[in-house]
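**Q** I'd like to ask you about the structure that follows.
The values are calculated or read from the model by the stated rules, or taken from the named source; none is laboratory data. For clarity, every value in this text was computed on a predicted model and none was experimentally measured. Positions of Cβ are generated from backbone atoms using ideal geometry, with glycine treated the same way; all protein chains shown enter the neighbour counts. SASA here: full protein model, heavy atoms, side chains in, ligands and nucleic acids out. Shrake-Rupley method; radii C 1.70, N 1.55, O 1.52, S 1.80 Å.
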Amino acid sequence: MGGTRFVFFGGKGGVGKTTVSSAFGLDSARAGDRTLLVSTDPAHSTGDVFEQSFGDDPQRVESYENLWAMEIDPEREIADHLQGIKRKLNSQLSASMINEVDVQLEMAHQTPGAYEAALFDRFIDVMANAEEYDRVVFDTSPTGGTLRLLSLPELLRDWVEQLRAKRMQSVELYERAAIGKREPRRMREGDPILARLEERRDRFEFAHETLRTDASFYLVMNPDDLSLRETERAIDALDEYDLDVGGIVINRVTPEPESHEEGRGASYLRERCSKERDRIEAAHDRLEPPIVAEIEARVEEIRGPLLADVADELDVIRAEERDQSSTR
Ligand SMILES: Nc1ncnc2c1ncn2[C@@H]1O[C@H](COP(=O)(O)OP(=O)(O)OP(=O)(O)O)[C@@H](O)[C@H]1O
Ligand SMILES: [Mg+2]
C-alpha cells in the first residue's frame, strides 16, 4: 500500500464527486488495498453507482474484492437526537409549553452548524475506527459545508478548551468555598464533565492531526468558467486551514470528433471542445495543484463496467500517492 490512508474528494454539486470517488475506490481495491468508501450524499448515489443499497455501517460491495461502502445520513442522526429530547420533555411539560419548545428545538435543528457538526463527528468515528482498511475514501457533501467541515476540528477544539477552562474554574470555586484551602476533591478524583470535555478535545486533536499527516484532498471540477472559479475559491479556503489540495480531477470533458467528421454536430462539438480546452489551459495556469486526470463525458450514467473504465483513468492518482509516500 502507498499514499495516505484517507482520501477526500470535494467539489460543487453535480460535478462528479460520487462518480470519481467511487471509481478511485474501485481502483484502490483492484490494486489489493482494502478500501472503504464513505458517502455523505443524502441521495444515496453511491448505492446507485453500485446498484446496491448501503447503510450506516460498512458493507461489502458485491462483485468486487476488497471494497466496502457506507452511507452516512447526518440528517437522520440529528433528527433522532431531536426526537430523544422531545420525548423527554413531553413527559415533563404542559401541552402549550410543548408546542413552544418544539418550535425552539426545530429552529436549533435548522442552524447550519448542526448538520456539519453531526457529519464531522461521524467522520472522526470512521477515521478512528478504520484499522481494518488500508484506505478510506470520502465522497463529501456538495454543500459549502464540506470545507467548513474541515475547519471544525480547530473551531471545536478552541471551544472545548474554553468550556474546559470555565469548568475547571467553577469546580475550583465551588469546592474551595466548601473545603477552604485544601485541594478540591473533584480536581483530584476526576470530574465527569471535565473528563467528557477532555475526551472531545482529544477527538478533535486526533482529527486535526490525521487530516494533516495522513489525508489528501482532491477537487473535482468541470471544464467551465463557473467551476474553475469555484475550484480556485475552494483551494484558497483549504489553504486557510493549512490543508493542501493534492490534485484536481477535471470531469465531463467533451470528446473531440474525428478529423474527417463534418456537419453541424461535428462543428458544434469542435467549438465546444475548443472552449473547454481554453478552460483546461486556464486551470493549468491559474491553479496551484496539478491536474491529475481528465475524464471524458460519457453518453450514459457511470455505473457497472463504465465505472471500471473511469477507474483506469484515475490510476494516475494512486501512482502519484505511491510516489509521494515513498519520498516522504
Ligand atoms: N464523465 C461523465 N460522463 C457521463 N456522466 C457522468 C460523468 N460524470 C458523472 N456523470 C453522471 O452525472 C451525474 C452526477 O454525477 P455525480 O453523482 O458523480 O456528481 P456529484 O458531484 O456527486 O453530485 P452531488 O453534488 O449531487 O453529490 C450522475 O448521474 C453520473 O452518472
Ligand atoms: Mg454525490
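**Q** How big is the accessible area of ILE78 in square angstrom, nearest 10, if you roll a 1.4 angstrom probe over the protein chains?
**A** Per-residue accessible area (ILE78): approximately 20 Å².
**Q** Can you list the GluC sites (Glu not before Pro) in the stretch 213-301 that are in a DSSP coil and have 12 or fewer other beta carbons within 10 angstrom?
**A** The qualifying sites are GLU258, GLU261, GLU262, GLU300, GLU301.
**Q** Short version: ³J(HN,Hα) in whole Hz for each residue of the stretch 58-65, in order, from phi by Karplus 6.51 cos²θ - 1.76 cosθ + 1.60 (θ = phi - 60°), x for Gly and Pro, what are they?
**A** x, 9, 4, 7, 4, 6, 10, 7
**Q** Please compute the modelled spin-label separation between ALA308 and ARG229, points set 7 Å along Cα→Cβ, answer in nm with one decimal.
**A** Label at ARG229, label at ALA308, 4.2 nm between them.
**Q** What accessible area, in Å² to the nearest ten, does a 1.4 Å probe give for ASP125?
**A** We get 60 Å² for ASP125.
**Q** Quick one: pull the percent of accessible area on the stretch 245-328 belonging to carbon and sulfur, 1.4 Å probe, ligands and nucleic acids left out.
**A** That fraction is 45 percent.
**Q** Tell me, what is the percent relative contact order of the stretch 217-328, built from C-alpha pairs under 8 Å that lie six or more residues apart?
**A** Reported relative contact order: 28 percent.
**Q** What ³J(HN,Hα) values, in whole Hz, does the Karplus curve 6.51 cos²θ - 1.76 cosθ + 1.60 give for the stretch 25-32 when θ = phi - 60°, with x put for Gly and Pro?
**A** In residue order, the calculated couplings are x, 5, 4, 5, 5, 4, 7, x Hz.
**Q** Using θ = phi - 60° and the Karplus form 6.51 cos²θ - 1.76 cosθ + 1.60, what ³J(HN,Hα) does each residue of the stretch 283-293 get, whole Hz, x for Gly and Pro?
**A** Result, ordered by residue: 5, 4, 6, 8, 9, 5, x, x, 8, 8, 7 Hz.
**Q** Rounded, prolate or oblate, given the Cα gyration tensor of the stretch 281-328, with a/c below 1.5 counting as rounded? Mind dumping the intermediate values first?
**A** Working: a/c = 4.66, a/b = 1.35, b/c = 3.46.
It is oblate, given that a/c is not under 1.5 and a/b is not larger than b/c.
**Q** At 0.36 nm per residue, and after removing the present C-alpha to C-alpha distance, how many nm does the segment from ALA177 to VAL103 gain when stretched out fully?
**A** Residue separation times 0.36 nm, minus the Cα-Cα distance, leaves 22.6 nm.
**Q** Can you give the FRET efficiency for GLU62 and GLN324, using 1/(1 + (r/R0)^6), R0 = 35 Å, r = Cβ-Cβ distance, to the nearest 0.05?
**A** Values: r = 32 Å, r/R0 = 0.92.
It comes out at approximately 0.60.
**Q** With the crude spin-label approximation of a point 7 Å out along Cα→Cβ, what separation in nm comes out for GLU271 versus GLU240?
**A** According to this spin-label approximation, the distance is 3.9 nm.
**Q** In whole Å, how far is the Cα centre of the stretch 259-328 from that of the stretch 25-85?
**A** For the stretch 259-328 versus the stretch 25-85, the Cα centre distance is 26 Å.
**Q** Under a crude label model (7 Å from the Cα following the beta-carbon direction), how far is VAL299 from ALA43 in nanometres?
**A** Going by the 7 Å Cα→Cβ label model, 2.3 nm.
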